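Any read-out appearing in this document is the output of simple, stated calculations on the displayed coordinates, not a laboratory observation. Fair warning: this is a prediction, and the values are worked out from it, not measured in the lab. Using ideal geometry, Cβ is built from the backbone for each residue, glycine included, and neighbour counts are taken over all protein chains shown.
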Amino acid sequence: MNVSDIMTTAPETIRYNKSVHSAVEAMTQIGCHHLPVVTDEGHIVGIITDSDCRRALQISSISLAGHAPNDSARETPVRRYMSPAPIIIEPDMPVEEAARLMLTNHISCLPVMRSETLVGIITTSDILMAFIRLQKPATINS
């Protein structure tokens with residue numbers, strides 16, 4: 001099984017100069033925990049996570065929903081809290097290699113690139129769901 005079989009295609013991104021508040025709104029709206037951070041030209045320069053946003057907002061809640069943004073969150077760009085220069089993978093890489101990279105580097109997502117184009121994102125949740133699907137017994141057609 002390759003990364004392309006289980007990744008989220010065309011992931012939502014956020015520009016590096018947008019606010020942490022914008023990142024929280026985007027994650028809440030689409031129900032995700034990771035956003036690739038891109039330049040104005042569309043080049044990926046980092047990843048911002050819900051954990052990064054909680055740190056920026058100085059909250060410990062699991063859910064970011066319902067938290068009123070403070071002035072700092074409205075003004076602080078995501079580039080101040082993102083993880084820069086993320087490890088990237090290609091869509092034809094085996095899922096096992098993506099899992100190994102995540103475990104070895106203590107990260108929970110990897111941007112998926114084809115040449116210089118972001119084509120997807122794979123997360124630990126994607127890998128766990130694929131594992132669950134593989135474990136289901138095959139149904140026999142009678």
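Peptide packing for 99-109, 4-14 was compared via the average number of neighbouring C-beta atoms within 10 Å per residue; ordered from the highest value, the list is 4-14, 99-109. For the stretch 40-55, list residues with backbone N below 19 Å from a point placed 7 Å from the Cα of A10 toward its Cβ? Counting only backbone N, you get 42-44. Taking the stretch 102-116 and a reference point 7 angstrom along Cα→Cβ of S125, the backbone N atoms nearer than 20 Å belong to 102-103, 106-113. Placing unit charges on the Cβ atoms of the charged side chains and taking the dipole of the stretch 3-135 about its Cα centre, the candidate lying farthest along the positive direction among L134, C53, C32 is C53. In this structure the amide hydrogen of G46, modeled in the peptide plane, comes within under 5 Å of the amide hydrogens of V37, A85, none closer than 5 places in sequence on its chain.
Residue separation times 0.36 nm, minus the C-alpha to C-alpha distance between I88 and Q58: what's the value?
Values: separation 30, 0.36 × 30 = 10.80 nm, distance 2.87 nm.
Working it through step by step, the gained length comes to 7.9 nm.
Rounded to the nearest 20 debye, the dipole size of the stretch 3-135 about its Cα centre is 380 debye, using +1 on the Cβ of Lys and Arg and -1 on the Cβ of Asp and Glu.
Less than 5 angstrom separates the built amide H of V119 from those of V112, M113, R114, all sequence-distant by 5 or more or on a different chain.
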